[in-house]
Amino acid sequence: MSSWSESTQERATEIIARYPEKRSAVMPLLYLAMAEEGHLTDAGMEEVARWCEITPAQVRAVASFYTMFKRERTGRYLVSCCTSITCMLLGGDEVLHAVEDESGVPHGETDDEGMLSVEHVECIGACGGAPAVQVNYELIEGVSPTQARELVRWLKRARPEVVNSDEMQELFGARRSFDWGISEEHGAIGPYPAFQPLGTVGSEVSE
Amino acid sequence: MTTPLLITRRMTDHPGDSQTIVRYESTGGYAQGKRALGLTRDELVEEIKTSGLLGRGGAAFPAGLKWSFLAPERPAYLVVNADESEPGTFKDRQLLERDPHQIIEGMIITSIANEVHHAFVYIRGEYAKPARRVQTAVDEAYAKGYLGGGIFGSDYDLEVTVHLGGGAYICGEETALINSLEGKRGEPRLKPPYFPAAKGLYMMPTIVNNVETISNLPHILALGGGEYSKVSDSADTGTFMTSLSGHVNRPGNYELAHGITWRELIYEIGGGIPDDKQLKAWIPGGASAPWFIPEKHLDLEISKDATAAAGSMLGSGAVIVMDEDTCMVRAAERLVRFFAHESCGQCTPCREGTTWLEMILRRIEEGQGRAIDLDLLVDVSDGISIGLAWPPKMTTICPLGPSAVSPIMALRDYFRDEVDSHVVNGGCPLKSGGATPQTPRSPGDETASEDGRSSDPASPDPDRMPGESE
Ligand SMILES: Cc1cc2nc3c(=O)[nH]c(=O)nc-3n(C[C@H](O)[C@H](O)[C@H](O)COP(=O)(O)O)c2cc1C
Ligand code: SF4
Ligand code: FES
């Protein structure tokens, strides 16, 4: 008996079929479990263990190894500020401080309403557009402290259903690592990356 | 200094739709994948060997040689390493987002040459958009019959699975990546015996290649290995992608032919330092590489051998530029923090050593440093990487630990005075300041690993500062 919804179970079956061995599906299924409940719970990890035919301890060992599997309640918007070397050189620490100050949420924490989580992260591969920030893993490059404050206010006020990189870049970003135009129609709806084959963890922005 | 664009040609000429299969095919795409079906393994391996292509993931290992080493057991697997997480590096993201079919065609060629029928792309978890782009491209290729059962109407089957990582730099190391793909913690394996070419994914022969390496393959077949090897005048063949960032006027990714100098890269291509400031130092090959300084290295050729002779490496191709106002202690701290955070915790010298280094650097930066601290940093580094040599003498399972020592080598060799003035001043003598955000360690927290071993990274006692007698 699975605690997962019908559609999540279908996804899980589909994902497992992509791998030669069931155990290899642990990570994608952990994302799926997060999408079901907003963060990883013991029940979610046990469910993954059943699907992959390994022990819950083995699943926990994997989940705890990776920073993106959130085992604590995470806000609807996960704001990740890069403070790695290049971003630091170009003001990434100040951007983080602006986000913390404007939101009242210190890094590593979530606000009481479950709206916003703030974290600082190591390099997210956007150094050409440093300093970089991600919201639910959707990237914004060339963010100033002032723009970071505006971003926080916007998230709280507009409460977008889906966050979209291009839209946020337009509103709150400046220089990008590389810029070849073209718009991206997908966005993220949770504190996990919006990656289409997992379906439930991403969504198309409706025009 | 003209650069023939190969792997960034399509995205440059067709910025609006270079990621689509329509554009890919209308610009010659998939012709080489099809052609590879008619070539023998020996012919393909020979072509790549002749091209002189070196791996672009960091270790610069010859790609053709890697293929020729693949053990004969089957099934064999191919994993494209798109875990790109080395600070300063963002070239693979561009290739993933802007030309994913080029990667798929490279995978088809590699698979045919090595009799692989299931290939993977392991993309770092934070790269949501690149992963979406690659998955879309894979779906398009399946729909056209270029992937799946009987590709291009032949009897050759090839499945491709796109796999999303979970936010751990160490999974870029090829054996850690394999563990991760098997559904385990991303801890590197001991080599020997776990060379991927012999005992890789599911203990079967496995090829792991970087995104950029794979992207070159269609071009090598199109040009011919011999012609490709003449693209650059340098001993290093072909082109390479460099990610230029930091204090330069024109940061970004550039596809260049080997053989230009650092001066040309930083001042001509990169447009020099903002506000006409002086160049203080740069990191020539990603966060792991020992630093270069203008007094000694500006006119060196950018090539594998010239960089190695000067005691560093081209690594992941990332170049991080720092101007005269940059605090070297702070820069070193930030790099060391990265390695401390990303250490998987298996080896004591790496797990403990990087944490000590980070603490000592932070206290120097915050004005609590002591006169002996630089020697102490060198001492601790010596425990991770004997003699602080480059390339390092390894005491650890993988090169992550020794990489953390590169910034310390720079402080010791070039910026001793600056460290001292931090100590004498009781703080940073330069402009930058402010508290450093500290990162809780990620890999290996309170949860016991599956073999029952506690993986708590026994962190140093904060009450006993390093250097104090016990
Ligand atoms: C700590 C560490 C991290 C690494 N990260 C990456 C990475 O993100 N991407 C990559 O292609 N190679 C990375 N490598 C190198 C891989 O182990 C491997 O050499 C490479 O993927 C082989 O591909 P290539 O021959 O095409 O370069 C890393 C190595 C180490 C030690
Ligand atoms: S050197 Fe560090 S990262 Fe590499 S295996 Fe050892 S502990 Fe893990
Ligand atoms: S250092 Fe911030 S994105 Fe690379």
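The values are calculated or read from the model by the stated rules, or taken from the named source; none is laboratory data. Just so we're clear, the structure is a prediction, and the values are computed from it rather than from any experiment. FYI the Cβ positions are ideal-geometry reconstructions off the backbone, even for glycines, and counts take in every protein chain you see.
Some notes on this structure:
- Annotation: residue B:169 fulfils all but one of (1) surrounded by fewer than 24 Cβ atoms within 10 Å (Cβ to Cβ); (2) modelled with pLDDT of 95 or more; (3) within 14 Å of ligand 1 (Cβ to nearest atom); the unmet one is (1).
- Residue in the stretch A:33-46 that is surrounded by the fewest Cβ atoms within 10 Å (Cβ to Cβ), counting only those that are part of a helix (DSSP H, G or I) and within 13 Å of another protein chain (Cβ to nearest Cβ): A:42
- Residues in the stretch B:238-259 that are touching an Asp or Glu at 6+ places or on another chain (Cβ under 7 Å), more than 7 Å from chain A (Cβ to nearest Cβ) and of a type outside the set (Ser, Thr, Tyr): 3 in all.
- Filter result (over 20 Å from residue B:119 (Cα atoms) and either in a loop (DSSP other than H, G, I, E, B) or in contact with a Ser or Thr (Cβ under 8 Å, 6 or more places away or on another chain) (or both)) within the stretch A:1-32: A:1, A:2, A:3, A:4, A:5, A:7, A:8, A:9, A:11, A:32
- Taking the stretch B:1-113 and the helices (runs of 4 or more DSSP H) fully enclosed by it, the elements with 3 or more residues that are within 21 Å of residue B:229 (Cα to Cα) are at B:31-36, B:41-51, B:63-68.
- Close pairs (7 angstrom Cβ cut-off, 6 or more residues apart or separate chains): within 20 Å of residue B:136 (Cα to Cα) and within 7 Å of chain A (Cβ to nearest Cβ) in the stretch B:84-107, more than 10 Å from ligand 3 (Cβ to nearest atom) and of a type in the set (Phe, Trp, Tyr) anywhere: B:93/B:127; B:94/A:178; B:98/A:180
- Looking only at residues of the stretch B:66-90 that are in contact with a Cys (Cβ under 8 Å, 6 or more places away or on another chain) and not charged (D, E, K, R), we find that the one that is nearest to ligand 1 (Cβ to nearest atom) is B:85.
- Options B:311, B:286: the member that is over 25 Å from residue A:177 (Cβ atoms), touching a residue at least 60 places away in the same chain (Cβ under 8 Å) and either assigned by TED's automatic domain parsing to the domain that holds residue B:408 or crowded, with 17+ Cβ neighbours inside 10 Å (or both): B:311
- Residue tally, condition at pLDDT 95 or above and either touching a Gly at 6+ places or on another chain (Cβ under 6 Å) or away from ligand 1 (no atom under 16 Å from the Cβ) (or both), over the stretch B:316-346: 18
- Boolean, residue B:49 is surrounded by fewer than 20 Cβ atoms within 10 Å (Cβ to Cβ) and touching a Phe, Trp or Tyr at 6+ places or on another chain (Cβ under 6 Å): no
- Test: residue in the stretch B:12-20 that is charged (D, E, K, R) and touching a residue at least 24 places away in the same chain (Cβ under 8 Å): no
- The set of residues from the stretch B:181-191 being buried (at least 23 other Cβ atoms within 10 Å of the Cβ), away from ligand 2 (no atom under 13 Å from the Cβ) and at negative phi comprises just one member, B:181.
- Among (1) closer than 20 Å to residue B:285 by Cα; (2) away from ligand 1 (no atom under 16 Å from the Cβ); (3) away from chain A (no Cβ under 14 Å); (4) among the hydrophobic types (A, V, I, L, M, F, W, C) - the single one residue B:371 does not satisfy: (1)
- Whichever residue in the stretch B:108-145 is more than 23 Å from the chain's Cα centre (by Cα) and closer than 30 Å to residue A:122 by Cβ and, among such residues, is nearest to the other protein chains (Cβ to nearest Cβ): B:136
- Out of B:342, B:295, B:301, sole residue that is touching a residue at least 40 places away in the same chain (Cβ under 8 Å) and either away from ligand 2 (no atom under 16 Å from the Cβ) or in the same structural domain as residue B:54 (by TED's automatic domain parsing) (or both): B:301
- Residue B:350 outside any helix (DSSP H, G or I), surrounded by 24 or more Cβ atoms within 10 Å (Cβ to Cβ) and away from ligand 3 (no atom under 16 Å from the Cβ): no
- Qualifying position, being surrounded by fewer than 20 Cβ atoms within 10 Å (Cβ to Cβ), more than 16 Å from ligand 3 (Cβ to nearest atom) and over 20 Å from the mean Cα position of the chain (by Cα), among A:56, A:106: A:56
- Checking residue B:208 against (1) aliphatic (A, V, I, L, M); (2) within 16 Å of ligand 1 (Cβ to nearest atom); (3) within 12 Å of another protein chain (Cβ to nearest Cβ); (4) touching a Pro at 6+ places or on another chain (Cβ under 9 Å), the condition it does not meet: (3)
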